[in-house]
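The block underneath contains the structure these notes are about, expressed in C-alpha cells.
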Amino acid sequence: MTSENQHPIWRSTTIVSVRKDDVVAVGGDGQVTYGNTIMKSDTKKIRWMLDRRVLVGFAGSTADAFALMERFETKLKDYPGNMPRAATELARDWRTDRMLRRLEAMMIAVDAENSLLLSGQGDVVQPSDGVLGIGSGGPFAVAAARALLKHTNLSAGEIVREALTIASDIDVYTNSNIIVEEIPCKN
C-alpha cells in the first residue's frame with residue numbers, strides 16, 4: 001500500500017535453494033509486481049554463470065540484481081574455483097562502494113560445494129541445513145522446504161518446486177510460474 005508521499009514498491013520474488021543428497025536445486029517464481037499491480041508473470045530470476053558451474057537467483061530490483069550479477073561473475077573469474085571468496089569480495093564491495101551500496105537486491109549463489117546468501121549489508125551466509133530463501137515469499141518457501149526435507153523422500157528439485165508452490169499459495173507477490181534448475185554435487 002502506498003500513501004500520497006510514497007512511490008509504489010516493486011515487489012518481485014521468491015527464490016529458494018535446497019541441497020540434498022548429490023544435488024543442489026534453485027528455483028524461483030516469475031511474478032513481478034509494482035505496488036498492487038502484477039507487471040509480469042514469467043520473469044526468469046535464475047541465471048547460470050561460469051559455463052553452468054554456478055547458479056544464481058535474485059530478489060529485489062531487477063536492474064540492481066543484474067548489476068550485481070555482472071560484478072559477481074567478474075569476481076568468480078578473479079577467484080576461479082573459489083565461490084565463497086568471490087562472494088565475500090562482492091559483499092565487501094557491495095557494502096563499501098558508494099554506488100553499489102544503494103543497490104536493492106539479494107542473491108542466492110550455489111555451486112557443487114557451496115550454497116550462499118549474499119546481501120547488501122555485507123552478509124555471506126552458508127546455511128547449516130542446505131536451505132536458503134530470499135524475497136517476499138522466502139520465509140514461507142524455507143519453512144515448507146525444511147518440513148519437506150524432514151518428512152518426505154522428495155528430491156531436492158521436487159522439494160524446491162513444492163516449497164515454491166506452497167509459498168505462491170500464501171504470498172501475494174509470488175506466483176506459480178516456477179523455474180527450477182539443478183547442479184550435481186561433488187561426493
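Any read-out appearing in this document is the output of simple, stated calculations on the displayed coordinates, not a laboratory observation. This is a predicted model, so every value here is computed, not measured. Neighbour counts run over all protein chains shown; Cβ positions are idealised from the backbone, glycine included.
As a length-normalised measure over Cα pairs under 8 Å and 6 or more apart, the relative contact order of the chain settles at 31 percent. Helix screen, the chain: DSSP H segments with Cα axial length of 18 Å or more and mean Kyte-Doolittle hydropathy at least 0.5 are 138-151, 156-170.
Candidates MET106, LEU132, VAL180 compared by Cα position along the dipole of the chain: farthest toward the positive end lies MET106, with charges placed on Cβ. Evaluated at q = 0.08, 0.15, 0.16 Å⁻¹, the base-10 log of the normalised Debye intensity for the chain, with identical point scatterers placed on the Cα atoms, takes the values -0.24, -0.83, -0.94. Taking the stretch 121-145 and a reference point 7 angstrom along Cα→Cβ of VAL172, the backbone N atoms nearer than 20 Å belong to 135-141.
Sort the stretch 59-147 into rounded, prolate or oblate with this rule: let a ≥ b ≥ c be the square roots of the eigenvalues of the Cα gyration tensor; rounded if a/c is under 1.5, and if a/c is not under 1.5, prolate when a/b is larger than b/c, oblate otherwise. Note, shape of the stretch 59-147 comes out oblate. Counting neighbouring Cβ atoms within 10 Å and putting the fewest first, the residues TYR173, TYR79 line up as TYR79, TYR173.
Inter-label distance, ALA112 to ASP22: 1.2 nm, where each label sits 7 Å from its Cα along the C-beta direction. Computed over the stretch 55-136, relative contact order equals 32 percent, with contacts defined as Cα pairs under 8 Å that lie 6+ residues apart.
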